[in-house]
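What follows is a set of notes on a single structure, which appears directly below.
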Amino acid sequence: MIKPGLCGFWAMRVVAVIFVTLLLSPDCFAASPFAKKVDKALKSSCIDRTRTAIRVVEIATGKAVYEHNATKPLIPASVMKLLTSAGALHYLTPGYRFKTKVYYSGRRHGRTIEGDLVLKGGGDPKLTPEIVWRIVQEVKRRGVARVTGDIVVDGSFFDDLARAPAWRKNRSPRAYDAGLAALSVNFNTVAVSVFPGLAPGKPLIVGLDPESSYLKLVNKSKTINKGGREVNISRRKTKNGIEITVTGQMRPGDEPKQRYVTVYEPLKYAGSVFRDFFIQSGVLVEGKVRINAVPAKIRSLYTYESEPLADTLRQLHRYSNNFLAEQITKTMAAEAGGSAPGSHKTAFTLLKGFLDEAGVDTKGMVLADASGLSRENRLSVKTVTSLMEKLYKRFDLWPDFVSTMGIMGMEGSIKNRLKGSPLLGYVRAKTGSLMKVSNLAGLAPDRSGNLYAFSIFLNNNKCGYSGADRIEDRIVDAIFDLQGTR
């Protein structure tokens, strides 16, 4: 027979176990004022709670203050770029500089190179026309006035895939779909600028940047006095390059338009731009553009070094540039993977190794590309916040990692967010958007300065871009009133 005193003891133990179980349950977060604000934000009918995940954690202690579907793998969209940047900072270091090398083969007599001028790409994602011109001028200053051979482009730093493995084979002409190459000019796009013509009936004024013999412009547009305004730009591959056709109409006084279209053969395009710029600068190039590996017997002429990697990553996140992300990933593979060529396969192996070694929770993670453009990617919000928790303890990486993210309400794709919030200008974050996908991840302080990592994935939502933004902003705004343990 059990004594009454023992019954009371065991009853208290059962109550204690139930209490601890509830305390450790995610549902327990519903008792806090912060959780109530988050739950209220998620009551919108446009939210699919089964495809929504949120995690907010005090970064110094690792204490989660809110979790919902925290370990459920969902589509990260461009939040994937946070992992890409972290891996690049780890393997390449913040001060890494991309290198574009110029060599020559054959012999040199005075200002004449009797041989080829060789361009070896090092993955630089930001070789704008202005930088190409600078490289050309540096070569010219070294006394080169004539090249009897070809412009040889060596793209062996990367593998031959001009796209991430998960991307469609046939890419669209939109700039976010640009192909990849070890030597890439102008993000492997052409800027098409369109202005109204000089008078009604006249063609629209169209310009290309950069101008190149690789490009042929066909202008079938016109200026009108009245009627609908619409400008269409298309491109097709030809035997010698790309034909860009402009159709449509504008009225006098209309604002100019500028659109970017992608190129089909990045290496050939880059070589053609370099060759044309050499000729425009007064350096005679007698040969054509040829794609080949660097010959065995060559001499170095000039090496261009880019800005530090950390600066490039700031632009990657602020403008969510897919091309930058994929180029950086292949460079990471080429440099840290043992040897070139850099590939996505090697890069993903490196990134997974870095995350595992750091202790990041990667359960359910699927890496399909580096930019988040593919809907095959999968991350959990715990993976994202866990990454920030681990980097917080890496002073060699943490300051640069934080500075890559845009400031909410101040710049980039989040310039118009958090208006009227006490956190305006204090939150660092990265967005992620695809059709019916709106995500936000980053760092925010409470009123006492305690720092929190947050990750919000709104998959399969029907809120529209602005509606989803408002829900995310309400959740981030609520962090200000949290009370940290500092």
Inset, instruction - Could you tell me whether PHE274 is part of a helix (DSSP H, G or I) and more than 23 Å from GLY179 (Cα to Cα)? - result: no
Legend entry - Options GLU335, GLU307: the member that is of a type in the set (Asp, Glu), touching a residue at least 24 places away in the same chain (Cβ under 8 Å), within 15 Å of LEU89 (Cβ to Cβ) and assigned to a loop (DSSP other than H, G, I, E, B): GLU307
Inset, instruction - Look at the stretch 398-441 and say how many of its residues are on the phi > 0 side of the Ramachandran plot and either over 15 Å from the mean Cα position of the chain (by Cα) or not assigned by TED's automatic domain parsing to the domain that holds HIS68 (or both). - result: 5
Legend entry - Residue check for ASN225: touching a strand residue (DSSP E or B) at 6+ places or on another chain (Cβ under 6 Å) and either assigned to a strand (DSSP E or B) or surrounded by fewer than 15 Cβ atoms within 10 Å (Cβ to Cβ) (or both): no
Legend entry - Residue check, LEU316 modelled with pLDDT of 95 or more and part of a helix (DSSP H, G or I): no
Inset, instruction - Would you be able to say whether some residue in the stretch 192-203 is among the hydrophobic types (A, V, I, L, M, F, W, C), over 27 Å from the mean Cα position of the chain (by Cα) and within 29 Å of PHE323 (Cα to Cα)? - result: yes
Inset, instruction - Consider ASP369 carefully, then state whether it is of a type in the set (Asp, Glu) and assigned to a loop (DSSP other than H, G, I, E, B). - result: yes
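Quick grid of which residues meet (1) touching a Ser or Thr at 6+ places or on another chain (Cβ under 6 Å); (2) of a type in the set (Lys, Arg):
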{"residue": "LEU309", "(1), (2)": "no, no"}
{"residue": "LYS330", "(1), (2)": "no, yes"}
{"residue": "SER339", "(1), (2)": "no, no"}
{"residue": "PHE348", "(1), (2)": "no, no"}
{"residue": "LEU351", "(1), (2)": "no, no"}
{"residue": "GLY359", "(1), (2)": "no, no"}
{"residue": "GLY372", "(1), (2)": "yes, no"}
{"residue": "GLU376", "(1), (2)": "no, no"}
Legend entry - Meets criteria (crowded, with 21+ Cβ neighbours inside 10 Å and more than 30 Å from ALA70 (Cα to Cα)) for THR312: yes
Inset, instruction - State yes or no: is VAL285 under 30 Å from ARG111 (Cβ atoms), of a type in the set (A, V, I, L, M, F, W, C) and crowded, with 16+ Cβ neighbours inside 10 Å? - result: yes
Legend entry - Lone unmet requirement of (1) loosely packed, with under 15 Cβ neighbours inside 10 Å; (2) touching a Ser or Thr at 6+ places or on another chain (Cβ under 8 Å); (3) more than 19 Å from ARG290 (Cβ to Cβ) for ARG141: (2)
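The values are calculated or read from the model by the stated rules, or taken from the named source; none is laboratory data. Since the model is a prediction, treat every value here as computed from it, not as a measurement. Glycine gets a Cβ as well: all are built from the backbone with ideal geometry, and neighbour counts include every protein chain shown.
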